[in-house]
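The values are calculated or read from the model by the stated rules, or taken from the named source; none is laboratory data. Please read these numbers as outputs of a predicted model, since none were measured by experiment. Counting neighbours? That spans all protein chains shown, and the Cβs are built from the backbone with ideal geometry, glycine included. Accessible surface is based on the protein model in full, side chains and every heavy atom, while ligands, DNA and RNA are left aside. Shrake-Rupley method; radii C 1.70, N 1.55, O 1.52, S 1.80 Å.
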Amino acid sequence: QVQLVESGGGLVQPGGSLRLSCAHSGSIFGIRTMGWHRQAPGKQRELVASIDNGDSTSYADSVKGRFTISRGNDKNTVYLQMNDLKPEDTALYYCTCVKYGTNYWGQGTQVTVSS
């Protein structure tokens, strides 16, 4: 059973920073990629950033240069450092994992950017 537990969301002013964390329970074997998606009210869910087993990363154009995805040394934790946050970054952020070909999702953590 795969569980993904997110933390680190909250309310921040425009221009501020937040760091999201996601802890994956279980063995790292079989994990191909981990990442973050987000969904804003009335919008489709979108991929924000991902990192694969070789630590190659990819980002949505809207967050390039502002967000950084990384993995912990144990490879069971993934982080999303978010800088220069904008109101349009407001969304529910989900940690995701592809393991043995199956997609897994966390429960989500809310990020609200507002003055």
How about the range 44-65: which of its residues are modelled with pLDDT of 95 or more and over 13 Å from the mean Cα position of the chain (by Cα)? Gln44, Ser56, Asp61, Ser62, Lys64, Gly65
Among (1) in a loop (DSSP other than H, G, I, E, B); (2) surrounded by fewer than 16 Cβ atoms within 10 Å (Cβ to Cβ), the one test that Leu85 misses: (2)
State which residue is nearest to the chain's Cα centre (by Cα) when the search covers only the range 29-43 and only residues that are in a strand (DSSP E or B) and basic (Lys, Arg). Arg38
Tell me, yes or no, whether the range 39-58 has at least one residue that is touching a His at 6+ places or on another chain (Cβ under 9 Å), in contact (Cβ under 8 Å) with a residue 60 or more places away in the chain and either surrounded by 12 or more Cβ atoms within 10 Å (Cβ to Cβ) or of a type outside the set (Val, Ile, Thr) (or both). no
Here are the criteria: (1) assigned to a strand (DSSP E or B); (2) within 17 Å of Glu46 (Cα to Cα). Tell me which single one Ser62 does not satisfy. (1)
Looking only at the range 105-115, count every residue that is buried (at least 17 other Cβ atoms within 10 Å of the Cβ) and in a strand (DSSP E or B) and tell me the total. 3
How many residues does the range 6-20 hold that are more than 13 Å from Phe67 (Cα to Cα), within 16 Å of the chain's Cα centre (by Cα) and either surrounded by 14 or more Cβ atoms within 10 Å (Cβ to Cβ) or free of Cβ contacts under 8 Å to residues at least 60 places away in the same chain (or both)? 3
Odd one out for Arg66, checked against (1) basic (Lys, Arg); (2) open to solvent by 30 Å² or more (accessible area, probe 1.4 Å); (3) over 23 Å from Gln3 (Cα atoms); (4) free of Cβ contacts under 8 Å to residues at least 40 places away in the same chain: (2)
Among the residues of the range 21-30, what is the count of those that are under 13 Å from Trp105 (Cα atoms) and either open to solvent by 30 Å² or more (accessible area, probe 1.4 Å) or modelled with pLDDT under 95 (or both)? 3
